[in-house]
1. Could you list all residues from the range 2-30 that are open to solvent by 90 Å² or more (accessible area, probe 1.4 Å) and in a strand (DSSP E or B)?
2. Would you point out which residue out of Arg60, Arg45 is open to solvent by 100 Å² or more (accessible area, probe 1.4 Å) and touching a strand residue (DSSP E or B) at 6+ places or on another chain (Cβ under 8 Å)?
3. Determine, yes or no, whether Thr82 is polar (S, T, N, Q) and either part of a loop (DSSP other than H, G, I, E, B) or modelled with pLDDT of 85 or more (or both).
4. Any residue at all in the range 70-77 that's open to solvent by 40 Å² or more (accessible area, probe 1.4 Å) and assigned to a strand (DSSP E or B)?
5. Which of the residues spanning the range 31-42 are crowded, with 18+ Cβ neighbours inside 10 Å and assigned to a loop (DSSP other than H, G, I, E, B)?
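The values are calculated or read from the model by the stated rules, or taken from the named source; none is laboratory data. A quick note: this is a predicted structure, and the numbers were derived from the prediction, not measured. In this analysis, Cβ positions are derived from the backbone assuming ideal geometry, glycine residues included, and neighbour counts consider all displayed protein chains. For the accessible areas, the whole protein counts, side chains as well, though only heavy atoms, and no ligand, DNA or RNA atoms are used. Shrake-Rupley method; radii C 1.70, N 1.55, O 1.52, S 1.80 Å.
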Amino acid sequence: MKLDKNELWAGTFHGRHDGAPAKVTATLDDTRPEPYAWTCTCGARRSFLTDEDVFDTAWRHTHPTRLDRLRQWAARLFRTRTVR
């Protein structure tokens, strides 16, 4: 992932979610309304006003708990059943 000129690298997390490898990059950008953010290779992105939750949520995105995996499974199951 290439950073913009105004972004500072804050951390990188490697892991898996939804059964696929994932890489999350946390950044700081003072020009944004919510300066702290992370972006995943899967396309997910979240931003925060403070740095308190950035690392916790980025870690959990790449290292989901059993409950998180159960929620992901249920969401996929529900999504495939409603498409028909």
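1. Those that are open to solvent by 90 Å² or more (accessible area, probe 1.4 Å) and in a strand (DSSP E or B): Leu8, Trp9, His14, Arg16, Pro21.
2. Result of the check over Arg60, Arg45: Arg45.
3. Working: polar (S, T, N, Q): yes; either part of a loop (DSSP other than H, G, I, E, B) or modelled with pLDDT of 85 or more (or both): no.
Taking the combined requirement at face value, the residue does not satisfy it.
4. Residues of the range 70-77 that are open to solvent by 40 Å² or more (accessible area, probe 1.4 Å), as a first pass: 70-77.
Among the residues that remain, those that are also assigned to a strand (DSSP E or B) are: none.
No, the conditions are met nowhere in the range 70-77.
5. Pro35
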